[in-house]
Structures are given as C-alpha cells and as structure tokens.
Amino acid sequence: MGIKKAGFALVAASALVLSACSGPASSESGSDGKSASLPASDYNKVDPADLKDGGDLRLAIASMPSNYNPLHVNGNTVENSDIWSYALGSNFIYADDATWEPNKNFLESYDVDTKADGDAKMTVTLNLNPEAKWYSETPITVADYQAGWNACKSEDTGFDCASTDGWNRIISIEQGRDEFQVIAKFDREYPDWSSVLGTAYPAAGFSDPAMFNDGWTDDVNVLNQFVSGPFKFKSIDNGAKRITLERNEKWWGDTAKLDAVTFSVLDTKAQAQAFANNELDIVDQILDAPTYELVKGRQNAEVKQSASTSWRHITLNSNAESLSDVKVRQAIQKGIDSADFLATDMAGLPVEGLDLSLGNHFFMPGQAGYEDHAVKFDPEGAMKDLEDLGYTMNESTKFFEKDGKPLSFNFTRLTGIPASESAAALLKEHMKAIGINVVFVDTPPKEFSNVLESGEFEAISFGWRGTPYPMANVGQIYGPGSSSNFSKVDDPKIAEYIEKIASETDNDKRVKLTNEVDEIIWDNVMTIPLYYRATLRAIPGDLANYGATAFETFLPEHIGYTK
C-alpha cells in the first residue's frame with residue numbers, strides 16, 4: 001500500500017505508499033558521476049489502431065480502499081490513484097519529462113494570465129470539452145471545479161481533504177461565457193496551478209462533508225456516478241478482494257482496447273507467483289530478488305525498468321512521549337544507516353551501478369535542484385547526544401535510561417509486508433547499537449490508513465510516491481495542521497517557507513527556498529528518507545502502451561495487446 005503526495009498518492013511499494021510531491025529521478029547521471037542512467041520510461045509503444053480489440057488486464061493492489069474518494073485523507077492512496085486512473089479523466093497528458101499537453105477528451109484549451117485584476121494576481125481559464133460527461137450523463141462543467149475548490153480550500157470546511165495546497169491559493173472559480181468555461185482566480189502567481197486544476201471532481205460526490213467523507217462507498221452504483229473515464233465499475237467483491245472495471249459505454253473518446261481491468265488484493269509473494277502462473281498480468285513493483293527471478297521465468301515475460309518517484313522513509317510521531325524531544329529524534333536519525341536499508345531491500349535486483357541513496361525530501365538525485373542534506377550516520381555521536389540530554393546507560397540492559405525509565409519507542413510493523421518487516425528488523429538493530437529499545441506493534445496492512453490518520457503510532461515506515469510538482473505541496477506532509485503531516489511537527493519556520501515557495505515565480509529562487517526548508521525538515525526529523533526506488537515492472541511481452549515510467553501518462557483507452 002502506498003501514499004500519494006498532493007494530488008497524487010502515498011505508496012507503500014507493496015509495503016504501503018502514499019502520494020507526495022517529489023520529482024523524478026533524472027535519466028542523466030547524478031552530479032557525482034556515480035549513478036548510471038535510468039530511462040524516464042520503458043514500455044512497448046504501439047499505435048492503438050494496430051492492437052487487438054479486447055482482452056483483460058489483471059492488476060494487483062495491496063489492499064481494498066477504505067475510502068474510494070481520491071481527495072479524502074484516507075483515500076489518498078496509490079491503490080485509489082491506480083483504480084481511478086481508468087475511471088476518472090485527467091485534463092493533461094504527461095510526457096516522460098513531466099511536461100504536459102491538454103487531454104482533448106476533457107480540455108480543449110487553456111490560458112494563463114498573470115496580469116493583476118483586483119485581488120487576483122493570476123487568472124487561469126479552462127475551455128472544457130462540452131462532450132465530456134459523468135456516467136450519469138451530467139456534463140462536466142464549472143460546477144464540478146467549484147465543488148472541488150469548496151471542499152479543499154481550507155482545513156476548516158468539514159471536508160477531510162488530504163491537502164489544501166494550491167486550492168487555498170484560489171480566491172474564486174467562476175463561469176465564463178458558458179458553463180464549459182472555467183475561470184479560476186489565484187491570490188498570487190501560482191506556478192503549479194495545474195496540480196489542482198488537472199482533474200474535474202464530481203460535484204455530486206462533493207455536495208456536502210457527509211458525502212465527501214463517507215459517501216464514496218463500495219457500491220458500484222454510487223461510484224459510477226463519479227466516473228468520467230473510459231472504464232466504469234462493474235463489481236466490487238470484498239470477499240474475494242477484487243474490483244472489476246469494464247468499458248464505459250458512455251465514453252466519448254477512443255473506444256478502449258481492453259474489455260476489462262481487474263484489481264485483486266495480493267501480497268508481494270502472491271503477486272509474483274500469480275504472474276508466473278499467468279493469473280496476473282502486472283507485477284507493479286518488483287521489490288526483491290526472489291520476485292525478480294520468479295517473474296523472469298514466465299514465458300513471454302518482460303521486466304521494464306525506469307526512473308521513479310517512489311521513496312521509502314521512516315516517520316517519527318513527535319506526539320509520542322519518547323519522541324517529543326527533537327534532540328532525541330536527531331540522535332535516532334544519526335543512528336540510522338540508510339545504506340543498510342537500501343542494500344537489504346535491493347539485494348539481488350538489477351540495480352548494480354545505480355546510486356539510489358536519497359538526501360532530499362523534494363528533489364530526486366540527478367534532478368535539477370537536488371542537494372544532498374542527509375545527516376551522516378554517526379552512532380557514536382548519537383550516543384554522546386543522548387548522554388548530553390541526561391540519559392545514562394544501564395549496563396545490564398544496554399539501553400539508555402533517565403529517571404529509571406528506559407529510552408524506548410514503538411514501531412508499527414505491517415505484517416506480511418516484506419519492506420516493513422525488514423525495516424523493523426534493521427531499525428531495531430540500529431537503535432540497539434545506540435542504546436534505544438524498539439518495540440514492535442504488529443498491524444495488518446488493512447489498518448494502515450486508519451493508523452496514520454488517527455496518529456496511533458510512534459514510528460512507521462512506508463513510501464511516498466511523487467508528482468510532477470516537486471515544490472508545489474511542501475505543506476501537505478510538513479505543513480502545520482495538515483492532515484497528512486503524520487509527524488505532527490508544527491514548525492512556524494516551515495509555514496513561512498510554504499508561503500514563500502507557493503508565491504515565488506523565479507524558479508531558481510524557488511529551488512533555493514525549497515532546499516532551505518528541506519534542511520529545516522531534516523533538523524526537525526519529521527521523515528527520514530532511506531532511499532528511492534528504480535521502477536521495476538513485470539509485464540507480458542505482448543502488452544503495449546503500458547510499462548515502467550516516472551511520469552508519462554499511459555492512456556487507459558490505448559493500453560492493449562498486440563495482434
């Protein structure tokens with residue numbers, strides 16, 4: 001499972017991942033010359049007209065969504081992002097370098113005017129395709145954009161949005177010459193405006209907080225009201241843990257090549273075996289050597305490899321009693337050797353020669369703007385810091401104590417998720433070496449979102465999957481009061497930088513500000529980056545227009561099988 005960052009999702013690389021705002025690893029060598037190049041995309045590109053008509057695409061997900069609303073804090077997952085990419089349209093088609101052009105099925109054209117108009121410092125005009133409609137046959141209009149803004153424009157609307165970033169920069173959304181012209185006015189020049197205006201969300205699903213927060217249920221009749229893409233929901237089987245999509249007969253664009261797309265809940269090991277047995281068509285992220293060797297054994301299998309925006313980390317909850325002191329968190333950070341996590345998780349995978357270490361919360365190595373701010377592994381220094389804080393070593397237990405109380409914190413271990421289990425084992429080993437005890441709290445993956453939202457954890461490891469906007473959503477994970485700030489650190493300095501970055505239009509200055517706030521985030525020890533992943537994806541050799549990528553859009557209606 002994973003999490004997504006602002007408009008994209010949290011990802012757990014089969015170990016839970018959310019969406020975040022980091023940018024892609026570059027296809028060029030890193031500035032230190034150590035890392036080999038990774039292609040931005042790797043797939044079989046075929047003209048859709050030359051593909052077979054029909055066939056099924058069988059995909060795997062880590063868990064069934066607990067909330068199907070992709071903008072809800074609990075719905076901001078990679079699983080939802082993947083499912084809705086077939087059923088919910090997007091205004092933009094991204095190239096492998098993260099540049100984009102309008103998706104004419106939804107957006108005919110757009111205009112950005114930076115001339116001041118009263119309180120508005122920037123006006124974005126969207127000219128929608130009048131043919132675009134929801135499955136209910138209601139046209140997609142300015143009302144849908146107004147509903148999205150109304151829900152996510154601030155933290156106190158009653159709508160539990162994953163992020164207000166970008167939405168809170170809009171001061172009005174009005175109708176232009178007709179209901180198909182959207183005029184959005186921003187309170188400043190906002191470079192990443194397309195991060196919030198890139199998708200129309202259904203007004204019917206955002207009508208009030210109750211509908212937004214709890215109305216996106218697993219009833220296909222409910223969810224199909226919100227469909228605007230080439231596929232619709234056919235069935236959701238919670239017993240079998242399977243979601244099936246089928247062609248949307250009301251879709252106005254190119255007819256989808258595939259008949260159906262299915263999503264089945266499978267853990268990492270089960271995915272590899274199902275792929276090898278020709279029961280699954282995609283292993284979305286190959287995470288270990290046994291999986292890599294197993295999928296390669298299938299006849300006609302291909303493993304695609306590209307740059308990625310997925311990165312793993314450890315989040316520390318500053319509300320936990322033992323982690324409330326930032327100096328204790330800093331000692332913990334010094335005691336973690338991220339190279340061990342990288343070597344363990346990537347052992348046996350075809351990443352030789354790639355430097356996948358990560359020293360930034362926003363930019364990926366090799367990407368313009370990347371600076372390495374990682375804290376040096378220094379276990380001796382960590383122990384000295386703890387001694388300076390008044391902790392003394394208990395020679396019997398070999399753990400630090402203060403006032404007779406051992407220094408200890410809990411780690412939420414997601415059972416059955418190899419990356420989480422290995423992270424738990426390594427963290428315990430590293431912390432034992434500096435005199436801190438780690439206690440495992442075993443938790444089923446299906447509880448992942450609830451654990452995060454409730455804050456009922458002290459330390460946890462999962463992944464973030466980035467978006468094309470590495471500087472757009474600083475506030476989502478690190479902003480004071482953000483529902484996705486799982487560290488619960490509220491630093492007013494970070495809030496100041498969020499405002500500066502959001503309004504700065506000079507890219508060089510914006511990059512500088514982002515790197516400055518990155519150092520503050522390292523000092524606060526909110527999330528500790530461990531490494532970023534190359535995308536390794538197993539597919540059938542006859543599958544076209546789908547593969548490994550960091551950002552390129554694989555249009556669902558063009559995915560299919562060769563003749």
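Considering the stretch 110-140 alone, what residues qualify as being outside any loop (DSSP other than H, G, I, E, B) and not hydroxyl-bearing (Ser, Thr, Tyr)? Matches in the stretch 110-140: Asp111, Val112, Asp113, Asp117, Ala120, Met122, Val124, Leu126, Asn127, Leu128, Lys133, Pro139. Just wondering, is there one or more residues in the stretch 236-248 that are part of a loop (DSSP other than H, G, I, E, B) and either touching a helix residue (DSSP H, G or I) at 6+ places or on another chain (Cβ under 7 Å) or within 29 Å of Val112 (Cα to Cα) (or both)? No: the stretch 236-248 contains no residue that is part of a loop (DSSP other than H, G, I, E, B) and either touching a helix residue (DSSP H, G or I) at 6+ places or on another chain (Cβ under 7 Å) or within 29 Å of Val112 (Cα to Cα) (or both).
Scanning the stretch 407-462 for residues that are in a strand (DSSP E or B) and farther than 30 Å from Asp388 by Cα gives Arg413, Leu414, Asp442, Thr443, Phe462.
Per this entry, Thr199 is not counted among residues that are within 27 Å of the chain's Cα centre (by Cα) and surrounded by fewer than 17 Cβ atoms within 10 Å (Cβ to Cβ). Here Val303 clears all of (1) at pLDDT 95 or above; (2) at positive phi except the condition numbered (2). Is at least one residue of the stretch 427-441 over 30 Å from Phe400 (Cβ atoms) and buried (at least 24 other Cβ atoms within 10 Å of the Cβ)? The answer is no; no qualifying residue exists. In the stretch 470-528, counting only helices (runs of 4 or more DSSP H) that sit wholly within it, the ones holding 1 or more residues that are within 18 Å of the chain's Cα centre (by Cα) and within 22 Å of Arg312 (Cβ to Cβ) span 474-478.
Among the residues making up the stretch 37-57, a single one is in contact with a Leu (Cβ under 8 Å, 6 or more places away or on another chain), at pLDDT 95 or above and buried (at least 21 other Cβ atoms within 10 Å of the Cβ): Leu57.
In summary, Lys34 fulfils each of the numbered conditions (1) surrounded by fewer than 23 Cβ atoms within 10 Å (Cβ to Cβ); (2) modelled with pLDDT of 50 or more with the single exception of condition (2). With respect to Lys376, is the statement that it is of a type outside the set (Asp, Glu) and either within 16 Å of Lys327 (Cβ to Cβ) or surrounded by 16 or more Cβ atoms within 10 Å (Cβ to Cβ) (or both) true? No. For the stretch 204-218, the candidate set comprises residues that are farther than 23 Å from Ser235 by Cβ and surrounded by fewer than 21 Cβ atoms within 10 Å (Cβ to Cβ); within that set, the residue that is nearest to the chain's Cα centre (by Cα) is Asn213. Any residue at all in the stretch 544-556 that's acidic (Asp, Glu), outside any strand (DSSP E or B) and in contact with a helix residue (DSSP H, G or I) (Cβ under 9 Å, 6 or more places away or on another chain)? Checking the stretch 544-556: not a single residue is acidic (Asp, Glu), outside any strand (DSSP E or B) and in contact with a helix residue (DSSP H, G or I) (Cβ under 9 Å, 6 or more places away or on another chain). Among the residues of the stretch 351-399, those identified as touching a strand residue (DSSP E or B) at 6+ places or on another chain (Cβ under 9 Å) and either acidic (Asp, Glu) or part of a strand (DSSP E or B) (or both) are Glu387, Thr392, Met393, Asn394, Phe399.
Conditions (1) over 20 Å from the mean Cα position of the chain (by Cα); (2) over 23 Å from Glu421 (Cβ atoms), marked per residue:
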| position | (1), (2) |
| --- | --- |
| Ser318 | yes, yes |
| Ser322 | yes, no |
| Val326 | yes, yes |
| Lys334 | yes, yes |
| Leu342 | no, no |
| Leu349 | yes, no |
| Asp355 | yes, yes |
| Gly359 | no, yes |
| Phe363 | no, yes |
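Results for (1) surrounded by fewer than 18 Cβ atoms within 10 Å (Cβ to Cβ); (2) closer than 25 Å to Glu453 by Cβ; (3) among the aliphatic types (A, V, I, L, M), shown as yes or no for each residue.
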{"position": "Ser306", "(1), (2), (3)": "no, no, no"}
{"position": "Ser310", "(1), (2), (3)": "no, yes, no"}
{"position": "Ser324", "(1), (2), (3)": "yes, yes, no"}
{"position": "Ile336", "(1), (2), (3)": "no, no, yes"}
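So for the stretch 453-464 (the condition being charged (D, E, K, R), out of contact with any Cys (no Cβ under 9 Å at 6 or more places or on another chain), surrounded by 15 or more Cβ atoms within 10 Å (Cβ to Cβ) and under 25 Å from Leu266 (Cα atoms)), does at least one residue qualify? Yes; the residues of the stretch 453-464 include at least one that is charged (D, E, K, R), out of contact with any Cys (no Cβ under 9 Å at 6 or more places or on another chain), surrounded by 15 or more Cβ atoms within 10 Å (Cβ to Cβ) and under 25 Å from Leu266 (Cα atoms). Suppose we keep only residues that are hydrophobic (A, V, I, L, M, F, W, C) and part of a helix (DSSP H, G or I) within the stretch 58-101. Which one would you say is farthest from the chain's Cα centre (by Cα)? Among those residues, the one meeting the criterion is Ala87. With respect to the stated conditions, Ala374 fails to be of a type in the set (Gly, Ala, Ser), free of Cβ contacts under 8 Å to residues at least 40 places away in the same chain and within 17 Å of Leu316 (Cα to Cα). Number of residues in the stretch 210-235 that are part of a helix (DSSP H, G or I) and either under 28 Å from Pro130 (Cα atoms) or in contact with a Ser or Thr (Cβ under 9 Å, 6 or more places away or on another chain) (or both): the value is 9. Checking each residue in the stretch 84-118 for being in contact with a strand residue (DSSP E or B) (Cβ under 7 Å, 6 or more places away or on another chain), modelled with pLDDT under 95 and over 20 Å from Tyr546 (Cα atoms) picks out Thr114, Asp117.
Among the residues making up the stretch 179-196, those that are assigned to a loop (DSSP other than H, G, I, E, B) and surrounded by fewer than 19 Cβ atoms within 10 Å (Cβ to Cβ) are Glu179, Asp187, Arg188, Glu189.
Residues checked against (1) surrounded by 16 or more Cβ atoms within 10 Å (Cβ to Cβ); (2) among the hydrophobic types (A, V, I, L, M, F, W, C); (3) without any contact (Cβ under 8 Å) to a residue 40 or more places away in the chain:
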residue: Met471; (1), (2), (3): yes, yes, no
residue: Gln476; (1), (2), (3): yes, no, no
residue: Gly479; (1), (2), (3): yes, no, no
residue: Asn485; (1), (2), (3): yes, no, no
residue: Ile494; (1), (2), (3): yes, yes, yes
residue: Ala538; (1), (2), (3): yes, yes, no
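Being under 30 Å from Ala548 (Cβ atoms), among the hydroxyl-bearing types (Ser, Thr, Tyr) and in contact with a strand residue (DSSP E or B) (Cβ under 6 Å, 6 or more places away or on another chain): is that true of Ser461 here? The answer is yes for Ser461.
The values are calculated or read from the model by the stated rules, or taken from the named source; none is laboratory data. None of the values given here were measured: they were computed from a predicted structure. Every residue, glycine as well, gets a Cβ built from its backbone with ideal geometry; the counts of neighbours run over all protein chains shown.
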